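Single-structure report; data block below.
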Amino acid sequence: MTKSESHKRAQRKAAGGGGTTEAPLPKRRRLDALSQGGERATEVERSGDPQALEEAARRLKDSGAAQKVLQVPDHDMDAATAAMRNLGVSGTVKNMSGTKRRSVRKH
């Protein structure tokens, strides 16, 4: 399925000036955005599907980046936080506009 324009726009913004979008991961997977230097990995998941959120959190975990950000619509922030916590991924969940953020610590 092709990505929507808003998804691509969020990817470009998350990557920043010198970062990359669609960064390769092991097992033929791709990370939505990786900042310059590879310090911050960002996944954008707009569907709200719990399985898709867990898969995005899994990609963040495998990225090996110091900062991990899962960007979701405002009404999916609770589900995204739960998905990251279930997989033991520490990082940040933020809404699409960037006005709200939640820190998630692995338990």
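Table for the structure above
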quantity: Candidate set from the stretch 4-55 (those that are hydroxyl-bearing (S, T, Y) and modelled with pLDDT of 90 or more); member that is nearest to the chain's Cα centre (by Cα); calculated: T42
quantity: Condition met for D76 (closer than 14 Å to R40 by Cα, part of a helix (DSSP H, G or I) and not hydroxyl-bearing (S, T, Y)); calculated: no
quantity: Sole exception among (1) assigned to a helix (DSSP H, G or I); (2) in contact (Cβ under 8 Å) with a residue 12 or more places away in the chain for Q51, by number; calculated: (2)
quantity: Selection within the stretch 57-73 - closer than 14 Å to R40 by Cα and touching a Lys or Arg at 6+ places or on another chain (Cβ under 8 Å); calculated: R59, L60, K61, D62, A65, A66, Q67, K68, V69, L70, Q71
quantity: Qualifying positions in the stretch 2-36 - aliphatic (A, V, I, L, M), free of Cβ contacts under 8 Å to residues at least 60 places away in the same chain and not in a strand (DSSP E or B); calculated: A14, A15
quantity: Any hit, the stretch 88-100, residues being touching a residue at least 40 places away in the same chain (Cβ under 8 Å) and surrounded by 16 or more Cβ atoms within 10 Å (Cβ to Cβ); calculated: yes
quantity: In the stretch 43-82, the residues that are touching a strand residue (DSSP E or B) at 6+ places or on another chain (Cβ under 6 Å) and surrounded by fewer than 16 Cβ atoms within 10 Å (Cβ to Cβ); calculated: D62, Q67, D74
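The values are calculated or read from the model by the stated rules, or taken from the named source; none is laboratory data. Model, not experiment: these values are computed from the prediction. Reconstructed Cβ throughout: ideal geometry from the backbone, glycine too, with neighbour counts over all protein chains shown.
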